[in-house]
Amino acid sequence: MTVDALTDVAGLRVGHATRVGDGWLTGTTVVLAPEGGAVAAVDVRGGGPGTKETDALDPRNLVQKVEALVLTGGSAYGLDSASGVMAWLEERGRGVRVGADPTHVVPVVPAACVFDLARGGDFRARPDAAFGRAAVEAAAASGPGAPVAEGCVGAGTGATIGPIKGGVGTASTVLDSGITVGALVVCNAAGSAVDPATGALYGEMFQGRVDYPPRDVHEAAQRRLAEVAARSPRPRLNTTLAVVATDADLTRAQAQKLAGTAHDGFARALRPVHLLDDGDTVFALATGARPLASASPLALNEVLAAGADLVTRAIVRAVRAAGSVDGPGGAWLSYEELYGRR
């Protein structure tokens, strides 16, 4: 049975650490690989990225697999959450062996952050190593193929998309070849997910099932957004992050291609995208459980296309799962509150 989430890729687990209230509106999300790690890659296209250990994922470099990925709020400060994940992995002897003693390991934990500083009211309320440990412990405690919480959780807690609330979304599919592909997105975009002329979600236009809101509903939503923007100005500093994963046996170069083509999913669901205000970053993971070459001559193309499609669908799910926020750091209305669930 599948749960339409990144965790449908066997062996992957997802955990969130979330803190809301008393000045906080932020969190951290960890994707934990099977023990022994997974092939990983990254593609960064935003103009203002905040990342850690991404150079290690270059196919020309030494590291072959990673044990975990970290997505976090808190802008560059929040990258400290990866230290908590590193410590948890080291305690279990998981990482790159650097000596004869099996406990002598260096866990390579690539991380990327979104900008959500002061959205809860306190500029200094941001994730640290304790958030990373809490998120990886939550991932480890989840069962195989466990559902993944969406909306305002983990790294999506303080996320926004243009003038509306953003969050976490996830999706998966099983290809005709039997290969599974999944995606998880933290949608925190400077651009918009909503067509200003109709109120429809851009991502749903590419899914072939556009839900056009009634004109009066759209006009009322636009008025409400204008009112909120007038009393709650905010800087255009954002970033959308994604993890695209598969159980296919990909090389590191193939995984990097997967990370790159997955950015097409951003462009279908968000406009504009990859701005200087954004730090848009996609990680790719391949667990290697299914041989790629024996599936079909075009198996890699099918994986690449599915990755982009799933990123689009995960963004739509993030938008629809998010809830409204109105606090000392600002107000953001959710798409569902503005347009209703139809």
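The values are calculated or read from the model by the stated rules, or taken from the named source; none is laboratory data. None of these values were measured; they are calculated from a predicted model. Cβ sites come from the backbone with ideal geometry, for glycine too, and all protein chains shown count toward neighbours. Heavy atoms of the whole protein, side chains included, go into the accessibility calculation; ligands, DNA and RNA do not. Shrake-Rupley method; radii C 1.70, N 1.55, O 1.52, S 1.80 Å.
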Filter segment 103-155 down to residues that are closer than 30 Å to residue 58 by Cβ and β-branched (Val, Ile, Thr) and give me whichever is nearest to the chain's Cα centre (by Cα). 114
Number of positions in segment 232-253 that are modelled with pLDDT of 95 or more and surrounded by 21 or more Cβ atoms within 10 Å (Cβ to Cβ): 10
Give me a count of the residues in segment 88-111 that are surrounded by 15 or more Cβ atoms within 10 Å (Cβ to Cβ) and either without any contact (Cβ under 8 Å) to a residue 12 or more places away in the chain or in a helix (DSSP H, G or I) (or both). 3
Name the residue, out of 303, 311, 282, 273, that is surrounded by 24 or more Cβ atoms within 10 Å (Cβ to Cβ), in contact (Cβ under 8 Å) with a residue 12 or more places away in the chain, β-branched (Val, Ile, Thr) and not in a helix (DSSP H, G or I). 282
Residue hits (segment 169-209; at negative phi and surrounded by fewer than 14 Cβ atoms within 10 Å (Cβ to Cβ)) are 176, 196, 197, 209
Any residue that is of a type in the set (D, E, K, R), within 29 Å of residue 117 (Cα to Cα) and in contact with a helix residue (DSSP H, G or I) (Cβ under 6 Å, 6 or more places away or on another chain) - is there at least one of those in segment 26-48? yes
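From 30, 39, 20, 14, grab the single residue that is surrounded by fewer than 21 Cβ atoms within 10 Å (Cβ to Cβ), modelled with pLDDT of 95 or more and in a strand (DSSP E or B).
20
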Between a residue in segment 126-138 that is closer than 10 Å to residue 83 by Cβ and any residue that is open to solvent by 30 Å² or more (accessible area, probe 1.4 Å) and of a type outside the set (Gly, Ala, Ser), which pairs come within a Cβ distance under 6 Å, given they are 6 or more apart or on different chains? 128/80; 129/80
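Okay, residues lined up against (1) at pLDDT 95 or above; (2) surrounded by 23 or more Cβ atoms within 10 Å (Cβ to Cβ); (3) part of a loop (DSSP other than H, G, I, E, B):
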residue: 76; (1), (2), (3): yes, no, no
residue: 84; (1), (2), (3): yes, yes, no
residue: 122; (1), (2), (3): yes, no, yes
residue: 130; (1), (2), (3): yes, no, no
residue: 136; (1), (2), (3): yes, yes, no
residue: 139; (1), (2), (3): yes, yes, no
residue: 155; (1), (2), (3): yes, yes, no
